[in-house]
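One structure below.
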Amino acid sequence: MTAHFDDLETRSADARVAGQLQALNANLARNGLDPLDDLSGLTALPVLRKSELSERQKAAPPFGGLPVANVAHIFQSPGPIYEPGGTSHDWWRMGRFLCAAGIGRGDIVQNCFGYHLTPAGMIFENGARAVGAAVVPAGTGQTELQARAAHDIGVTAYAGTPDYLKIILDKAEAMGLALKITKAAVGGGALFPSLRQEYADRGISCLQSYATADLGNIAYETAAMEGMIVDEHVIVEIVTPGTGTPVAPGEVGEVVVTTLNPDYPLVRFATGDLSAVLPGLSPCGRTNMRIKGWMGRADQTTKIKGMFVRPEQVAALVDKHDEIVKARVIATRDGEMDAMTVQIEATGGDAGAYASSVADLLKLKGKIEVVAPGALPKDGLVIEDQRKYD
């Protein structure tokens with residue numbers, strides 16, 4: 001097995017930018033948009049959110065009028081949102097991750113991702129085919145049968161959520177069945193360090209990917225286990241939640257992805273997830289940008305005094321005053337009543353004017369605290385709920 005999936009993973013930064021810009025402009029043309037002179041021009045284009053995509057699909061089913069091509073499957077995600085799927089070589093780009101996890105020819109992968117309506121099972125099966133591995137399309141549930149099949153077939157690798165592998169391993173142990181699984185490619189949930197260590201203690205190397213039903217693989221771990229390598233056929237931006245404005249390098253923000261897949265050319269699709277760019281290059285030899293992995297949800301919508309406060313409203317507050325750098329809404333309790341404090345990072349300004357804007361844009365009144373630039377945490381939160389519910 002080769003160390004890397006292809007030469008794209010180790011190309012120079014200049015070659016990557018040139019290749020991505022060419023593919024991006026082709027996809028912009030498919031969407032009826034003008035070409036860009038450089039990748040930084042993406043920030044001027046609107047962000048597409050899942051709620052908007054769902055509404056567009058209701059108006060123009062099934063894909064909201066997007067230029068979708070070569071559809072082999074149609075999937076459904078909560079919303080509902082409908083996603084196309086293809087069957088061409090590594091359509092979902094999961095082969096890169098499986099290669100990084102050491103899975104390839106000679107391996108038999110027990111694929112425990114779901115196949116019913118959702119694309120996860122197909123995503124990993126397509127990736128396994130790209131690296132030459134055989135697949136047991138196990139799906140979810142029926143753990144005793146899963147353990148028996150893994151033993152009888154001689155499964156060497158697992159694909160599925162992080163915790164389900166332990167259930168299979170424990171069931172096999174209880175049944176007196178020795179398994180040959182030494183590799184695991186997981187996603188769709190948190191891989192806690194203690195669980196990864198338990199797998200290592202059982203002789204299983206476990207790596208995780210970051211993928212979505214809409215976009216396929218976005219980023220993936222390698223044996224170096226230093227952040228996640230961004231896939232070669234997506235462009236990832238980290239923006240202030242509720243906006244399309246990039247955060248400073250290293251700050252936490254919402255993951256916005258532009259896919260270079262010509263069959264489903266999503267432009268600036270907001271995942272609703274939080275992450276941050278990890279500086280430097282991976283010791284594994286792959287040269288693309290790294291992110292820190294999944295760091296929570298960017299949709300921090302919170303109900304205060306019976307009213308929803310959304311990140312987009314906080315962004316509108318920042319945009320209304322040139323001197324405001326960033327803002328943070330904090331929900332607390334004052335006795336048995338909700339209370340709201342709005343911390344505003346600004347170079348001066350009138351607190352009274354800010355209070356008026358808060359009442360106008362957030363539809364609520366609250367305490368205003370003006371703080372110096374750089375004083376607010378760089379954790380991606382624009383709405384922080386400090387109320388205790390236990």
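The values are calculated or read from the model by the stated rules, or taken from the named source; none is laboratory data. Here the structure is a predicted model, which means the values were calculated and not measured. Please note: Cβ atoms are built from the backbone with ideal geometry, for glycine as well, and neighbour counts cover all protein chains shown. Heads up: the accessible areas ignore ligands, DNA and RNA and are worked out on the full protein's heavy atoms, side chains in. Shrake-Rupley method; radii C 1.70, N 1.55, O 1.52, S 1.80 Å.
At-a-glance table
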| quantity | calculated |
| --- | --- |
| Fully extended contour minus Cα-Cα distance, from Gln22 to Ile167, at 0.36 nm per residue | 47.6 nm |
| Heavy atoms of Cys284 accessible to a 1.4 Å probe, total area in Å² rounded to 10 | 30 |
| Eligible aspartates and glutamates near Lys166 by straight Cα distance, threshold 17 Å, same-chain separation 8 or greater | Glu144, Glu198, Asp201 |
| Computed E for Thr182/Ser356 - FRET, C-beta separation, R0 45 angstrom, nearest 0.05 | 0.10 |
| Helix 351-362 axis, angle to the chain major axis (alpha carbon atoms, nearest 10°) | 50 |
| Principal-axis tilt of helix 50-59 within the chain, Cα atoms, nearest 10 degrees | 80 |
| Cubic angstrom per residue, convex hull over Cα atoms of the stretch 144-207 | 71 |
| Efficiency of FRET between Thr10 and Met295 - r from beta-carbon atoms, R0 25 angstrom, step 0.05 | 0.40 |
| Accessible surface, 1.4 Å probe, highest first, among residues His116, His233, His89 | His116, His89, His233 |
| Expected 222 nm ellipticity per residue - DSSP helices of 4 or more, -39500 (n - 2.57), all of the chain, to 500 | -7500 deg cm²/dmol |
| Spacing of the two label points (7 Å from each Cα toward its C-beta) at Lys365 and Leu36, in nm | 4.4 |
| Largest-first ordering by accessible area, 1.4 Å probe, given options Asp163, Asp14 | Asp14, Asp163 |
| Long pairs among Lys303/Lys365; Lys292/Lys367; Lys305/Lys367, criterion Cα-Cα beyond 23 Å | Lys292/Lys367 |
| Area accessible to solvent at Lys320, 1.4 Å probe radius, in Å² | 110 |
| Positive minus negative residues near Asp299 (Lys, Arg vs Asp, Glu; Cβ under 11 Å) | +1 |
| Interchain or long-range residues, amide H under 5 Å from Glu83's placed H | Phe75, Gln76, Ser77 |
| Relative contact order for the chain, counting Cα pairs under 8 Å that sit 6 or more residues apart, in percent | 13 |
| Percent of beta bridges antiparallel (DSSP, the chain, rounded to nearest 5) | 60 |
| Which of Thr156, Thr347, Thr259 is most accessible, then next, and so on - probe 1.4 Å | Thr347, Thr156, Thr259 |
| Three-way shape call for the stretch 282-321 based on the alpha-carbon gyration tensor, with the a/c threshold at 1.5 | oblate |
| Computed accessible area, Thr118, all protein chains, 1.4 angstrom probe, square angstrom | 60 |
| Two-decimal Rg/Rh across the stretch 147-255, once Rg and the Kirkwood Rh are taken from alpha-carbon atoms | 1.09 |
| Average projection area in nm² (convex hull over Cα atoms of the stretch 13-77, one quarter of hull surface) | 5.8 |
| Interchain or long-range residues, amide H under 5 Å from Gly132's placed H | none |
| Evaluated over the chain, the Cα radius of gyration and Dmax, each in Å | 22.9, 73 |
| Viscosity 0.890 mPa s, temperature 25 °C, Stokes-Einstein D of the stretch 1-159 from Kirkwood C-alpha radius, µm²/s | 134 |
| Overall Cα dimensions of the stretch 292-390 - principal axes, largest extent first, Å | 39, 37, 20 |
| Angle between the chain longest axis and helix 311-320 axis [Cα atoms, degrees, rounded to 10] | 40 |
| Residues whose placed amide H lies under 5 Å from that of Glu384, excluding near-sequence neighbours | Val329, Ile330, Ala331 |
| Isotropically averaged projected area of the stretch 39-102, using the convex hull of Cα atoms (one quarter of hull area), nm² | 6.4 |
